[in-house]
Structure formats: structure tokens, C-alpha cells
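Please read the structure below before turning to the comments.
The values are calculated or read from the model by the stated rules, or taken from the named source; none is laboratory data. On a predicted model such as this, the values are computed, not experimentally measured, just so you know. So basically every Cβ, Gly included, is an ideal-geometry build from the backbone, and we count neighbours across all protein chains shown. SASA here: full protein model, heavy atoms, side chains in, ligands and nucleic acids out. Shrake-Rupley method; radii C 1.70, N 1.55, O 1.52, S 1.80 Å.
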Amino acid sequence: MVYVLAASRVNEKELRDFLTDEGFENWDTAAVEDGEKIVEVAGRVCYLSFAGGRSHDQYIEHLKESRHGSVLEHATITFIITGISRACTHEFVRHRAGWSYSQLSQRFVDEGHAQMVRPRLFDKISRIDDRERLHRLWEDFVKGSVEVYNRFVTEFEWLFNPPHAAGKIDLGLKKAIKGAARSVLPNATETKLVATCNARALRHFLEMRAGSAADSEIRAVAIKLYQAALQYWPDILGDYQVIRTPDGEEYLTTHYEKV
Ligand SMILES: Cc1cc2nc3c(=O)[nH]c(=O)nc-3n(C[C@H](O)[C@H](O)[C@H](O)COP(=O)(O)OP(=O)(O)OC[C@H]3O[C@@H](n4cnc5c(N)ncnc54)[C@H](O)[C@@H]3O)c2cc1C
């Protein structure tokens, strides 16, 4: 699941004060979404171009066309992403510029009932008996890994804090135990990620991760982020096209790469 926790908001009073102070009180924009209004204002401050000219959508289009991407960095969005595998978040967090992350801690949170994210390739196995056979193999393995995880937690607790020892197990030891036990959990382990980015960074991410060369899971996540963010940034992201292949895969293309 993808939830949009927050997106940039304009302080209308301060914007009006600025425009009045600078003699542009007649300026207005057709921007409906705050993030896009912020981007337009930031761009117009560069040339003090608050008197007529391009419409809002033309203005955003021109920013992309002229590769003035730094202006897009003023619009930000925060996503909460659940149901994503650790394999996928490992790829995700390689995106550094313009991104901030918070992720579920496997040292703090007990993974004794961890959910697993099955790779989408299983859904493409056409013969039902092959699909079920391979699914069972996968499921036995991932369930087994959680059982081994639980066994390590129990045994470590017993070894390092036996029942006859006085006092409760301290937080440092708990974290050390979970930190060691998690080593047997697979890449498929479900996790939760909070990710904040600016619009330029999201565009780069979409081009890398919603492209046809990207892994299926991160591509699906990227398409969801695109669909969620499109509601906030219809012009900034309006140049992307979703391509659907005959086998049900989706990817994004644009004629404005790496703005
Ligand atoms: C299909 C695919 C296959 C991949 N395979 C592998 C693989 O086999 N092994 C592997 O390790 N990784 C792999 N990656 C990850 C890839 O190498 C990048 O680490 C990842 O996509 C992050 O992109 P980015 O480097 O553009 O970083 P971002 O943080 O998204 O940066 C955005 C842009 O900012 C600039 N930038 C960011 N940081 C710096 C910096 N330190 N110095 C200079 N400029 C900077 C660059 O222009 C960069 O493109 C793969 C990615 C894809 C999409």
C-alpha cells in the first residue's frame, strides 16, 4: 500500500504579502495544487516574471523542457509504503539525492510473525500445478526461516538472560538478540518505509525504477507512487505515460528524461 502522509502546503498569506511588497499583487496562478504553485513561484522569483506570460501548465512544461529541474525541488511529498519486501527497500534506499527515509527497525520490532512478499513472477506461471508446487517450495522456506528466527530469539534469551537470572532483559540485549536472529530472515520479509522526496528526485526515481529494466516489485511500487503523486503534481508529472505490455506489466516513459 502507498499512503500520502503529507505534501507541500502554501502559506497563502505570506505569498500575498510577498507579492504585494514586490509590486506583483495582481499576479495569480491557475495552479490547483500547492506543490505546483510553490514550484511556479520559485521559478518566477528567478526572473521576477510575475507579469503575464505563460499559463501555469505552460510554465511547468517550460521548466521541464528547459531542464530547469532545480525549481522542482521545492515541492515535496511524504509516502508511507507498506507490504514492500526488504529486497525492494534495499533498492529503493539507493536513491539518495532529494530523498529521506525512515524504516521499520528489525532490531527493535519483533519479526516473529513477519509477513512475506511473494515475488510477482509466481503469478505468471501459467500451469496451476507448477505454480502451486513452486509456491509451496517458497512458502515452506519463508515460513521455516521465521521459525528459525523465533528459535534463535528464544535460545539467545535463555543463554544471555536465563530464567533464573535476576531482573528483566534490558533493551540493549533485546536489540542485540533480534539483530542476530534477523540474519536468517529472507529478502522477502515485509517492511514499512516512510519516504520523503522532492519532485525532481521523484522524477529521477520514476525514470530509473518505473522503467522497463527495473525489477518487477520496485516497478510496481514506483507506478503506485506515480499514481499517488500525480494527484498533487498533475503538471509536474503530466508528461509520463503508462505503457501496458500484453503480459500485464506496466512501465513509465517520458520525453523529458532527467530534468
Ligand atoms: C535497472 C537497474 C539495475 C541496477 N543494478 C545495480 C547493480 O547491479 N548493482 C548496484 O550496486 N546498483 C544497481 N542499481 C542501482 C543504481 O546503480 C543506483 O545506485 C540507483 O539507481 C540510485 O540512482 P542514482 O545513483 O542516480 O542515485 P540518486 O540518489 O537517485 O541520485 C540522483 C542523481 O543525483 C546525482 N548524484 C547523486 N549522488 C551523487 C554523488 N554522490 N555524486 C555525484 N552525483 C550524484 C546523480 O546525477 C544521480 O543520478 C541498479 C539500478 C537500476 C535502475
Exercise. Can you run down the residue pairs with Cβ atoms below 8 Å, 6 or more apart or on separate chains, where the first is in the stretch 241-259 and open to solvent by 100 Å² or more (accessible area, probe 1.4 Å) and the partner is more than 16 Å from the ligand (Cβ to nearest atom)?
Key: His255/Asp239
Exercise. Could you list all residues from the stretch 240-256 that are at pLDDT 95 or above and in a loop (DSSP other than H, G, I, E, B)?
Key: Tyr240, Thr254, Tyr256
Quiz item: Out of (1) surrounded by fewer than 12 Cβ atoms within 10 Å (Cβ to Cβ); (2) under 26 Å from Cys88 (Cα atoms); (3) of a type in the set (A, V, I, L, M), the odd one out for Ala166 is which?
Solution: (2)
Quiz item: Among the residues of the stretch 183-209 satisfying the criterion of being open to solvent by 10 Å² or more (accessible area, probe 1.4 Å) and touching a helix residue (DSSP H, G or I) at 6+ places or on another chain (Cβ under 7 Å), which is nearest to Ile236 (Cα to Cα)?
Solution: Arg200
Quiz item: Taking only pairs six or more apart or across chains, which ones have beta-carbon atoms under 6 Å, a first residue in the stretch 23-52 that is under 17 Å from Tyr232 (Cα atoms) and among the β-branched types (Val, Ile, Thr), and a second residue that is modelled with pLDDT of 95 or more and not in a loop (DSSP other than H, G, I, E, B)?
Solution: Thr29/Lys37; Thr29/Glu40; Thr29/His56; Ile38/His74; Val39/Val71; Val39/Leu72; Val39/His74
Quiz prompt | Enumeration of residues in the stretch 219-233 that are in contact (Cβ under 8 Å) with a residue 60 or more places away in the chain and under 15 Å from Glu249 (Cβ atoms) | solution = Ala220, Val221, Lys224
Self-check item: Spans of helices (runs of 4 or more DSSP H) in the stretch 6-115 with at least 1 residues under 18 Å from the mean Cα position of the chain (by Cα)
Solution: 34-47, 86-92
Exercise. Tell me which residues, restricted to the stretch 77-92, are buried (at least 19 other Cβ atoms within 10 Å of the Cβ) and within 15 Å of the ligand (Cβ to nearest atom).
Key: Cys88, Thr89, Phe92
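Yes/no matrix, rows are residues, columns are (1) part of a loop (DSSP other than H, G, I, E, B); (2) away from the ligand (no atom under 16 Å from the Cβ); (3) more than 30 Å from Thr245 (Cα to Cα); (4) of a type in the set (Phe, Trp, Tyr):
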site: Val142; (1), (2), (3), (4): no, yes, yes, no
site: Trp158; (1), (2), (3), (4): no, yes, yes, yes
site: Ala180; (1), (2), (3), (4): no, yes, yes, no
site: Thr191; (1), (2), (3), (4): no, yes, no, no
site: Ile218; (1), (2), (3), (4): no, no, no, no
Quiz item: Are any residues in the stretch 88-110 under 15 Å from His204 (Cα atoms) and out of contact with any Cys (no Cβ under 6 Å at 6 or more places or on another chain), and if so, which ones?
Solution: Glu91, Phe92, Val93, Arg94, His95, Arg96, Ala97, Ser100
Quiz prompt | So Ala195, is it within 16 Å of the ligand (Cβ to nearest atom), aliphatic (A, V, I, L, M) and not in a strand (DSSP E or B) | solution = no
Exercise. Name, by its number, the condition in (1) surrounded by 14 or more Cβ atoms within 10 Å (Cβ to Cβ); (2) out of contact with any Gly (no Cβ under 8 Å at 6 or more places or on another chain); (3) not acidic (Asp, Glu) that does not hold for Ser126.
Key: (1)
Exercise. Go through (1) open to solvent by less than 60 Å² (accessible area, probe 1.4 Å); (2) at pLDDT below 95 one by one and return the number of the condition Ser212 breaks.
Key: (1)
Quiz item: If the Cβ limit is 6 Å and pairs must be 6+ apart or interchain, which residue in the stretch 155-182 that is within 15 Å of Asp110 (Cα to Cα) pairs with which residue that is of a type outside the set (Phe, Trp, Tyr) and open to solvent by 60 Å² or more (accessible area, probe 1.4 Å)?
Solution: Lys175/Arg107; Lys178/Arg107; Gly179/Arg107
